[in-house]
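Peer 1: Structure provided below as structure tokens; questions to follow.
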Amino acid sequence: MSNAMRWLSDLLAAPWATRPFTPMMHGHSTIIVMHRFADPDRGIEGLDPRALRRALQFLRRERYPLVSLERVFRGLAGEEPPIDRAVAFTMDDGTIDQATVAAPIFAEFDCPATIFVVSGYLDGHLWCWWHRVEHVFETTRRRELSVMVGGLRHVIRLDDGVPRAQLARRFMERCKRVPETEKLRAIQRLAAAAEVDLPARPPARYAPMSWDDVRACEARGITFGPHTVTHPVLSRTSDAQSMHEIHVSWARLRAEARRPVPIFGYPNGHVGADFGPRECATLRRLGFLGAVTNWPGDHATVSGFRSSADAPFSVPRIDFGADHRSLIRSVSGVLRTKQLLQRQLALRSAVAPVDPGIMLDGSQDEAEGPPAPLVQ
Ligand SMILES: [Zn+2]
């Protein structure tokens, strides 16, 4: 980015500079997705809690309506009036830090939030598959790993300067492209090649919240939605597994939570890649209000929600972002203005717009610039 562009980008993150963009958010809601929160005592890396506090201070000061995800959906569905500029926070997976670090901060600002939980993870039956991959890459003493994934051999060199976290991400992206059963076998082969034991229960930094934590969070204004039983990429599963993952995670959540929200969060959640009409049909049959995706990083609108029968089951979310400025741009109308301009330019030049989701593909790992956010 040039200095001039950087200056403009910084300028457009100043609260006073964003106010002229407010009309752009008429009829638009921002659904934010977040993952991990830093907790040094547990060895957890993630968003600095001060960043969340700063964001909520900003949103309260600028009088953004902070509403529950369910309220956004009821507005989109026409059951209640839609709220301009509404912001709804969501978190995925149900890791311990979401209960111990994030939930108290959301309560401090009287801000609703919804957590999508992996029921088998909270039940203690598993630890999340990408946590296992991270753990293997972090702890192996081998300098080179040779692992078959989906019929292809991958040779991974751990001592040629590439950060291990980046190598782990590449391996994860490969895993997402093969059938679920093959992914699980590949992770076993990875652990064997790395000579790393994977215990049945996750280490402290990968621990889930408990169902008691769920109920304690509910008392603080947090709500919960299902995010499958084992967190597979649903499009890589059989019909039977896809059905099971949705049905059972919803049943477990209804059994444990006092007021579960009938909105589903897809694992990984890339539109057109990680779920499809099969999953939408299952959710519709179960009476869900809808479902949220992890891409393409757009805002939620009534017209989008009503654009097709499956649209309520593909409601977009926007990543919290790497810094305070990206959040301000997302909620204020600056991001929307930029997206509209980009689409207009793309139309004029008759060049297909670049799908921002492409940066999440493993094939982009070698691209310059900061790494894309890890979406699970
Ligand atoms: Zn997830």
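Peer 1: What percent does the relative contact order of region 28-94 come to when contacts are Cα pairs within less than 8 Å and at least six residues apart?
Peer 2: Once normalised by length, the contact order is 45 percent.
Peer 1: Further question on the same structure: Please list the non-local residues whose amide H lies under 5 Å from the amide H of residue 34, H modeled 1.01 Å from N, same-chain partners needing a gap of 5 or more.
Peer 2: 90, 91, 92
Peer 1: Moving on. Output ³J(HN,Hα) for region 181-194: one whole-Hz value per residue in order, computed from phi by the Karplus curve 6.51 cos²θ - 1.76 cosθ + 1.60 with θ = phi - 60°, and x for Gly and Pro.
Peer 2: These are the phi-based 3J(HN,Hα) values: 5, 5, 4, 5, 5, 5, 5, 4, 5, 4, 4, 5, 5, 7 Hz.
Peer 1: List residues of region 271-287, by number, whose backbone nitrogen lies under 20 Å from a label position 7 Å along Cα→C-beta of residue 240.
Peer 2: 278-279, 282-283
Peer 1: Quick one: putting +1 on the C-beta of Lys and Arg, -1 on the C-beta of Asp and Glu, what dipole do you get for region 1-147 around its Cα centre, in Debye to the nearest 20? All intermediate terms of the calculation are to be shown ahead of the outcome.
Peer 2: Numbers: 17 positive and 19 negative charges, 99 e Å.
Dipole size: approximately 480 debye.
Peer 1: At a Förster distance of 45 Å, what's the computed FRET efficiency of residue 125 paired with residue 80, Cβ-Cβ distance as r, to 0.05? Don't jump to the answer; show the numbers that get you there.
Peer 2: On the way: r = 37 Å, r/R0 = 0.83.
Computed FRET efficiency for residue 125 and residue 80: 0.75.
Peer 1: In whole Hz and in residue order, list the ³J(HN,Hα) couplings for region 146-151 that follow from phi through the Karplus curve 6.51 cos²θ - 1.76 cosθ + 1.60, θ = phi - 60°; x for Gly and Pro.
Peer 2: 3J(HN,Hα) across region 146-151, in whole Hz: 10, 9, 7, 9, x, x.
Peer 1: Let me ask something additional. How much length, in nm to one decimal, is gained on full extension between residue 220 and residue 138, taken as 0.36 nm per residue of separation minus their Cα-Cα distance? Before the final figure, lay out each step's value.
Peer 2: Working: separation 82, 0.36 × 82 = 29.52 nm, distance 3.51 nm.
Computed gain between residue 220 and residue 138 is 26.0 nm.
Peer 1: Which log10 I(q)/I(0) values, to two decimals, does region 129-194 give at q = 0.11, 0.19, 0.21, 0.27 Å⁻¹ under the Debye formula with one point per Cα?
Peer 2: -0.20, -0.63, -0.78, -1.33
Peer 1: If I model a spin label as a point 7 Å beyond the Cα along the Cα-Cβ vector, how far apart are those points for residue 344 and residue 325 in nm?
Peer 2: 2.3 nm
Peer 1: Along each of its three principal axes, how wide is the spread of alpha-carbon positions in region 40-189, in whole angstrom units, largest first?
Peer 2: Principal-axis extents of region 40-189 (Cα, largest first): 55, 34, 29 Å.
Peer 1: Taking the Cβ of residue 79 as the center, what net charge do the other residues with Cβ under 14 Å away carry, scoring Lys and Arg +1 and Asp and Glu -1?
Peer 2: Local net charge: +1.
Peer 1: What are the residues whose amide H is under 5 Å from the amide H of residue 223, where those residues sit 5 or more places off or on another chain and H is modelled from the backbone?
Peer 2: The list, which skips near neighbours in sequence, is 113, 114, 115.
Peer 1: Next up: Evaluate the Debye formula for region 134-235 with equal point scatterers sitting on the alpha carbons, no solvent, and hand back log10 of I(q)/I(0) at q = 0.13, 0.20 Å⁻¹, in q order, two decimals.
Peer 2: At q = 0.13, 0.20 Å⁻¹ the computed log10 ratios are -0.59, -1.07.
Peer 1: Report the antiparallel proportion of the DSSP beta bridges in the chain as a percent, rounded to a multiple of 5.
Peer 2: Numbers: 10 of 33 bridges.
Expressed as a percentage, antiparallel bridges in the chain total about 30.
Peer 1: Kirkwood Rh over alpha-carbon pairs of the chain, then Stokes-Einstein at 37 °C and 0.692 mPa s: what D in µm² s⁻¹, rounded to an integer?
Peer 2: D = 153 µm²/s.
Peer 1: Arranged from highest to lowest average of other beta-carbon atoms within 10 Å per residue, in what order do the peptides 200-206, 86-92, 73-79 appear?
Peer 2: Per-residue mean Cβ counts within 10 Å order the peptides as 86-92, 73-79, 200-206.
Peer 1: Quick query: amide H of residue 44 versus all other amide H atoms, modeled in the peptide plane; which residues come in under 5 Å with a sequence gap of 5 or more or a different chain?
Peer 2: It is 39, by chain and number.
Peer 1: Quick one: dipole size for region 129-194, taken about the Cα centre, charges +1 on Lys/Arg Cβ and -1 on Asp/Glu Cβ, in debye to the nearest 20.
Peer 2: Roughly 100 debye for region 129-194.
Peer 1: Using 0.36 nm per residue, how much length does the chain from residue 278 to residue 4 gain when fully extended, once their Cα-Cα distance is taken away? Please report the intermediate quantities before stating the final value.
Peer 2: Working: separation 274, 0.36 × 274 = 98.64 nm, distance 4.71 nm.
Result: 93.9 nm gained on full extension.
Peer 1: Calculate the FRET efficiency for residue 26 and residue 155 from the Cβ-Cβ distance with a Förster distance of 56 Å, rounded to the nearest 0.05.
Peer 2: Efficiency, rounded to the nearest 0.05: 0.60.
Peer 1: Apply 1/(1 + (r/R0)^6) to the Cβ-Cβ distance of residue 17 and residue 251, taking R0 = 45 Å, and write down the FRET efficiency to the nearest 0.05.
Peer 2: Calculated value: 0.40.
Peer 1: Take residue 61 and residue 258, extend 7 Å from each Cα along the Cα→Cβ direction, and tell me the distance between the two endpoints in nm.
Peer 2: Once both label points are built, they end up 3.4 nm from each other.
Peer 1: May I ask you to derive the relative contact order of the chain, considering only C-alpha pairs under 8 Å and at least 6 residues apart, and to give it as an integer percent? Please list the in-between numbers first.
Peer 2: On the way: 650 pairs, mean separation 77.5, N = 376.
Result for the chain is 21 percent.
Peer 1: At 222 nm, what helix-only mean residue ellipticity would the chain give, in deg cm²/dmol to the nearest 500, using -39500 (n - 2.57) for each DSSP H run of four or more?
Peer 2: Value at 222 nm, helices only: -11500 deg cm²/dmol.
Peer 1: Whole-Hz ³J(HN,Hα) for each residue in region 249-255, computed from phi via Karplus 6.51 cos²θ - 1.76 cosθ + 1.60 with θ = phi - 60°, x for glycine and proline: what do you get?
Peer 2: 5, 5, 5, 5, 5, 5, 6
FYI, it's all coordinate maths here, none of it is from the lab. Bear in mind that the values here come from a model prediction, so they are computed numbers and not experimental data. No Cβ is skipped: glycine too gets one built from the backbone with ideal geometry, and neighbour counts run over all protein chains shown.
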